[in-house]
Amino acid sequence: MNVSPNQLSFLPDDYLERKARRRTNVICASLFVVVSLALGGAFTLDQRANRQIQSREDQVNQRYAEAAKRIVQVEQMQEKQRQLARQAELSASLLEKVPRSFILAQITNSLPGGVSLLEFKLESKVRATPPPPTKTAFEQRKAEMDAQKKAASPPPPEPKRYDVTMKLTGVAQTDVQVAQYINKLSQSTLLRDVNLLVSDQYTQGDDKLRRFELEMTLRPDAEATVDLNRQNRTAAVDVEARP
């Protein structure tokens, strides 16, 4: 067998194989190191991103907690305001917004000439609470649950509201005077629903007079003002001096 001088090798037979194996190992090790560094960097970035997200979540939770505290404080303040308003309304319901002397003065101040009062009655009745509207099954269930929650504590007292009705009997010389009196009372800021119940003619001596009965109610929102108080105090004295 003829071998050319260029094909002759004095190296061991497995030298080239070992060299190729070492080169492969170095490449694999380098790749392993690169991959490890990449994974480590990715893990570090992921941890940093997680910490940032956690920090933001903590800030959001803190804001929500602060907002919840503010909402609770606002609800407590509103509840106190409702209690104060209820107490004020309850106290106001125990007082007469329009004293009876002012009502009587308003009645007498409106008398036209030639008209006199014979009798005056005033009656106050507690206003009946209107029946609640018909509820659906869901609303009834909710109302029952609310009632069970409030069963432990007694309900707060409800303010009483009154309907004030008045009846008066008087005499006049003509029906025109009666109509003028009704018109004057209807224009009052204290009275409403002024109605004529009876109007009869009767004779007193040589005079023919009209005996009439009126019915009216006090406005629910009526209140005695300062000017009205001054006017009615003067009128009340006149009423007491009237025979």
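Every number in this text was worked out from the coordinates using simple rules, so none of it is lab data. All values reported here derive from a predicted model rather than from experimental measurement. Positions of Cβ are backbone-derived with ideal geometry, glycine not excepted, and every protein chain shown enters the neighbour counts.
Could you calculate the FRET efficiency of Leu37 with Glu57 from 1/(1 + (r/R0)^6), where r is the beta carbon distance between them and R0 is 45 Å, rounded to 0.05?
0.90
Output ³J(HN,Hα) for the range 97-114: one whole-Hz value per residue in order, computed from phi by the Karplus curve 6.51 cos²θ - 1.76 cosθ + 1.60 with θ = phi - 60°, and x for Gly and Pro.
Per-residue couplings from phi come out as 5, 10, x, 5, 5, 5, 5, 5, 5, 5, 5, 6, 5, 8, 5, x, x, x Hz.
Can you work out ³J(HN,Hα) from phi for every residue in the range 116-125, in order, using Karplus 6.51 cos²θ - 1.76 cosθ + 1.60 and θ = phi - 60°, giving whole Hz and x for Gly and Pro?
With coefficients 6.51, -1.76 and 1.60, one gets 10, 9, 9, 8, 9, 10, 10, 9, 10, 10 Hz.
Compute the length gained on full extension between Glu75 and Thr189: take 0.36 nm times their separation in residues and subtract their Cα-Cα distance, giving the result in nm to one decimal.
37.2 nm
Tell me the net charge near Gln204. Cut-off is 12 Å between Cβ atoms, Gln204 excluded, with +1 for each Lys or Arg and -1 for each Asp or Glu.
For residues surrounding Gln204, the net value is +1.
Tally Lys/Arg at +1 and Asp/Glu at -1 over every other residue whose Cβ is under 10 Å from the Cβ of Thr165; what's the total?
Surrounding charge for Thr165 is -1.
Once fully extended, how much extra length lies between Glu119 and Leu45, figured as 0.36 nm per residue of separation less the alpha-carbon to alpha-carbon distance?
16.9 nm
Past 32 Å, Cα to Cα: identify those pairs from Lys97/Lys208; Lys80/Lys121; Lys121/Lys208, in the order given.
Correct reply: Lys97/Lys208; Lys80/Lys121.
Compute the distance in nm between two label points, each set 7 Å from the Cα along the Cα-to-Cβ direction, one at Arg82 and one at Gln173.
Taking the two extended label points, one gets 6.2 nm.
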